[in-house]
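The structure appears right after this line, and notes come after that.
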Amino acid sequence: MSHSAHRFATPEELKRDYVIFVRPAHGFDDVDEKTKQETLKKTRELADIVHKHGPANIGRSGAGSTAQGDDYGKIMERVTFNGFMSVVTDKQKAAAILKEFKEKDAGLSVVASGLTEELFDICRTVGLKPHTVLFSLGIWGKKELLPSDDHLKITTLCGHSMISPAMIDHYVEEIQKGRVTPEEAGRRMACSCPCGIFNVPRTVEVLRQMAAKQKPAGGGGK
Amino acid sequence: MIIDQEICTGCGQCVFTCTVDAIRLKEDKAGIDREACVECGNCLRVTGCPTGALQQDELVWPRAVRKYFSDNQCKWPVEMRYTLGYGRGTEECKTNDRTGKFRRGEVGVMVELGRPNTGTYLRNAEMIIQALVRAGAEMAENSPMTALIADRQKGTLKEGLGAERVLSCIVEAKVKLEALEKTLSLLKEVAPRLDTVFSMGLVTRMEGDGFRSPIEPVLKKMGLAVRPNAKMNLGLGRPLCEA
């Protein structure tokens, strides 16, 4: 599960967070060796379309991601049935990618996450018909255990919850002390999220806001 | 995970990498709270421990389950492997345009316990499973959580698992649309009794021109709202499952 339906932010902030991924279907796209090889080739071609549009991140679980500094060519060297994941930070880019996906008609499952109405609008423009949707009903249960909204805006950007509130606090402090830039902190945090779904530009925005809000006890900061 | 106290220099570089705040510095050494640790392995991957004090110890059942759920780079053992063998859940809506796992008139119920950021004991998952059993839900096949159920009628987990703690786990099931209200009522009832949170998701086939959600009237009746963002399968798979 990518957890991408549950990415936490205001609607305005979500306008800068679109996840797009391609996932071959087991038992369908790997029925024989020829189909399997064709599937892997198509996956790579679809990834190339995304890469051409300059995503904020693209990667594969276990193979690395561009946001953590890995080389795109190396990440895609040996594509597997995991498919790939990517993030773009504006609607126009998401629309351009999905338009090319439709024209390509590769026949593989494509999933997009983001603001529902904005995605519907893209679909109408591009000529896509959403097949199945995972709607989020938010967080239930013992909510008093949750960290702050600022923390959630970053931690929910990782599909496997590998970025903790403590890690965010650590980097906020490092930024305030001038030991690291928000951009470098975002890149380092992306190393904990190896799938290519982590939105570094959004993370940098939130880190900047947090660092400005909470000044360290000893003063200073950037 | 363990930290060899003989060689730990107390540099503290592993502390902030812990996903569940289980590593603390004490008397100039880093130590791991083994009860809180979910074996996600993030500390080992990210820290680059300068002395090698941070180590993955050999895990045996039932503790090993912590790692299979929490460490996305660790495969489930062969006898419990499903789809790709990694992770906490199935492909849910991701490949539904090909597989037809969720058909018209059915609703997928995706309860991700421990997300965001609280972690969870598997006993919480058992409580959710039991609520879903009472709702008459069909548990998802090929789901790691379903594989850990001992008694499907009662919704009980295999022995010893309730006390195991994971970063998150996903209870997946599906119900008929007409059973959705009852299902959500039962989940609402159990939610305050858990000692964790869960992210609540519902999967549905879209109707009409692809922009109408059949679950909307049920949610409206119950006073529930969906968040402004969602995950959608765009129907680009071929051949397309129209069911």
Please list, in order along the stretch A:170-185, the HN-Hα scalar couplings obtained from phi with the Karplus expression 6.51 cos²θ - 1.76 cosθ + 1.60 (θ = phi - 60°), rounded to whole Hz, x for Gly and Pro. 4, 6, 4, 5, 4, 5, 4, 7, x, 8, 8, 7, x, 5, 5, 4
So how tilted is helix A:33-52 from the main axis of chain A? Cα-based, degrees 0 to 90, rounded to 10. 50
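What do you get for trypsin sites (Lys or Arg not before Pro) in the stretch B:149-228 restricted to DSSP loop and a cutoff of at most 13 other Cβ within 10 Å of the site's Cβ? Could the numbers behind the result be given before it?
Working: sites: B:ARG152, B:LYS154, B:LYS158, B:ARG165, B:LYS174, B:LYS176, B:LYS182, B:LYS188, B:ARG193, B:ARG205, B:ARG212, B:LYS220, B:LYS221; in loops: B:ARG152, B:LYS154, B:LYS158.
When the trypsin sites (Lys or Arg not before Pro) of the stretch B:149-228 are filtered for loop state and at most 13 Cβ neighbours within 10 Å, B:ARG152, B:LYS154 remain.
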Within the stretch B:21-49, what residues put their amide N at less than 15 Å from the label point 7 Å along the Cα-to-Cβ vector of B:ILE7? B:30, B:44, B:48-49
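If you restrict to DSSP beta bridges whose two residues both lie in the protein assembly as shown, what percentage is antiparallel, to the nearest 5? Before the final figure, lay out each step's value.
Details: 60 of 60 bridges.
Roughly 100 percent of the DSSP beta bridges within the protein assembly as shown come out antiparallel.
Under the rule of -39500 (n - 2.57) per DSSP H run of 4 or more residues, summed and divided by the residues of chain A, what mean residue ellipticity at 222 nm is obtained, to the nearest 500 deg cm²/dmol? Don't skip to the answer; put the middle values down first.
Values: 9 runs with 95 residues, N = 222.
Calculated mean residue ellipticity at 222 nm is -13000 deg cm²/dmol.
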For the pair A:LYS52/B:GLU79, report the inter-label distance in nm, with labels modelled 7 Å from Cα in the Cβ direction. 5.0
Residue-wise, which Karplus ³J(HN,Hα) couplings in Hz belong to the stretch A:147-152, taking 6.51 cos²θ - 1.76 cosθ + 1.60, θ = phi - 60°, and x for glycine or proline? x, 5, 4, 4, 4, 4
Report the semi-axes of the equivalent ellipsoid for the stretch A:1-119 in whole Å, largest first, where each axis is √(5λ) for an eigenvalue λ of the Cα gyration tensor. 24, 16, 13
Only Cα pairs under 8 Å and at least 6 apart count here; give the relative contact order of the stretch B:68-202 as a rounded whole percent. 36
Contour excess over end-to-end distance, with Cα ends at B:GLU58 and B:ALA150 and 0.36 nm allotted per residue: 30.6 nm
Using the 2.2 N^0.38 Å rule of thumb for compact globular proteins, work out how the stretch B:1-137 stacks up: its C-alpha Rg over that value, please. 1.30
For chain A, any Cys whose C-beta has no other cysteine C-beta under 4.7 angstrom counts as unpaired, and these are A:CYS123, A:CYS191, A:CYS195
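Determine the sum of side-chain charges near B:LEU224: Lys and Arg each +1, Asp and Glu each -1, restricted to other residues whose C-beta is under 13 angstrom from that of B:LEU224.
Numbers: positive: B:LYS188, B:LYS220, B:LYS221, B:ARG227; negative: B:GLU181, B:GLU216.
Charge balance near B:LEU224 sits at +2.
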To the nearest Å, what is the center-to-center distance of the stretch A:1-79 and the stretch A:104-171, using C-alpha atoms only? 15
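Every read-out reported here was derived from the displayed coordinates using simple, explicitly stated rules and does not represent laboratory data. As the structure is a computational prediction, the values presented were derived from the model and not from experiment. Using ideal geometry, Cβ is built from the backbone for each residue, glycine included, and neighbour counts are taken over all protein chains shown.
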